[in-house]
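First up is the structure itself, then whatever we jot down about it.
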Amino acid sequence: KAGQLLAKKYTLQITNVPYLGRGRQQEDGAIQLYCSKNYPLSKGDLANVFFEKMLKNTTGTACTVMPQNWLFLTTYKKHRVDLLTNRSWNFIARLGSGAFSQITGEVVKVILVAISPSKPKSNHLFIGLDVSEAFNVAGKDSGLKYSEIKSVNQFSQLRNPDARVVIGEEN
């Protein structure tokens with residue numbers, strides 16, 4: 001069995017995607033037109049477009065740091081439903097703002113997320129952590145290491161209002 005597992009090819013894509021909300025893109029510019037045509041469910045932010053593209057181009061797992069707002073904004077409902085229905089979520093770690101020492105004054109609230117392109121089973125669980133309340137990078141680092149890991153049923157997220165993705169709360 002181990003030989004069979006080691007003989008397979010695995011792919012893991014990890015990156016910090018570029019963030020650029022649709023409202024800050026040039027109206028009817030090349031980026032807006034490309035995103036609307038090729039990624040209509042995720043066009044609200046270039047970060048979501050990049051992540052969707054990663055998922056389309058991997059047989060393994062796509063992992064990224066990106067803004068957390070798409071987990072709950074109504075404008076991303078169809079995108080969330082698509083991902084929750086057709087992709088296997090592995091983990092989400094809510095980092096919140098001020099998650100990186102190299103970036104000061106940052107107000108973007110970010111998450112770490114990993115999703116695989118395989119279709120999930122009805123009992124699929126992903127794990128979640130929330131360290132967004134930690135005040136600094138050291139606190140977030142410690143929280144990632146020592147916080148309680150929550151197991152979340154992926155399909156239960158579809159029952160939340162607008163299919164919002166929630167960690168650690170009953171649905």
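The values are calculated or read from the model by the stated rules, or taken from the named source; none is laboratory data. In this text the structure is predicted, and so the values were computed from the model without any measurement. In this analysis, Cβ positions are derived from the backbone assuming ideal geometry, glycine residues included, and neighbour counts consider all displayed protein chains. Quick note on the areas: whole protein, heavy atoms, side chains included, nothing else; ligands and nucleic acids left out. Shrake-Rupley method; radii C 1.70, N 1.55, O 1.52, S 1.80 Å.
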Checked the stretch 135-171 for anything within 19 Å of P120 (Cα to Cα) and either touching a Gly at 6+ places or on another chain (Cβ under 6 Å) or aliphatic (A, V, I, L, M) (or both); matches are K150, V152, L158, A163, V165, V166, I167
### Message
I'd like to know if the stretch 147-168 contains one or more residues that are in a helix (DSSP H, G or I) and modelled with pLDDT under 95.
### Response
no
Being free of Cβ contacts under 8 Å to residues at least 24 places away in the same chain and of a type in the set (G, A, S) narrows S118, S151, S101, S147 down to just S147
Matching residues in the stretch 99-126 (at pLDDT below 95, in contact with a Ser or Thr (Cβ under 6 Å, 6 or more places away or on another chain) and among the small types (G, A, S)) number 1
Taking the stretch 127-146 and the residues there that are assigned to a loop (DSSP other than H, G, I, E, B) and of a type in the set (A, V, I, L, M, F, W, C), the one that is modelled with the lowest pLDDT would be F135
Considering the stretch 30-60, residues that are surrounded by fewer than 17 Cβ atoms within 10 Å (Cβ to Cβ) and aliphatic (A, V, I, L, M), and then whichever is farthest from Y76 (Cα to Cα), we arrive at A30
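So in the stretch 69-86, with the set limited to residues that are in contact with a helix residue (DSSP H, G or I) (Cβ under 6 Å, 6 or more places away or on another chain) and closer than 12 Å to Q154 by Cα, which one is most open to solvent (accessible area, probe 1.4 Å)? Steps first, please.
So in the stretch 69-86, the residues in contact with a helix residue (DSSP H, G or I) (Cβ under 6 Å, 6 or more places away or on another chain) come out as 70, 74, 76-77, 80-81, 84.
Of the ones still in play, those that are also closer than 12 Å to Q154 by Cα are 80-81, 84.
Details: R80: 0, V81: 53, L84: 0 Å².
For the stretch 69-86, the residue satisfying everything is V81.
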query: What about L83, is it within 22 Å of L20 (Cα to Cα), hydrophobic (A, V, I, L, M, F, W, C) and in a helix (DSSP H, G or I)?
result: yes
So, first residue charged (D, E, K, R) in the stretch 19-46, second residue assigned to a strand (DSSP E or B), Cβ within less than 7 Å, six or more apart or across chains; the pairs are R22/D45; D45/G21; D45/P67
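Any residue in the stretch 81-90 that is among the polar types (S, T, N, Q) and in contact with a strand residue (DSSP E or B) (Cβ under 7 Å, 6 or more places away or on another chain)?
Step one: list which residues in the stretch 81-90 are among the polar types (S, T, N, Q), which gives 85-86, 88, 90.
Imposing the further condition that a residue be in contact with a strand residue (DSSP E or B) (Cβ under 7 Å, 6 or more places away or on another chain) reduces the set to 88, 90.
Looking for residues that are among the polar types (S, T, N, Q) and in contact with a strand residue (DSSP E or B) (Cβ under 7 Å, 6 or more places away or on another chain), one finds at least one in the stretch 81-90, hence yes.
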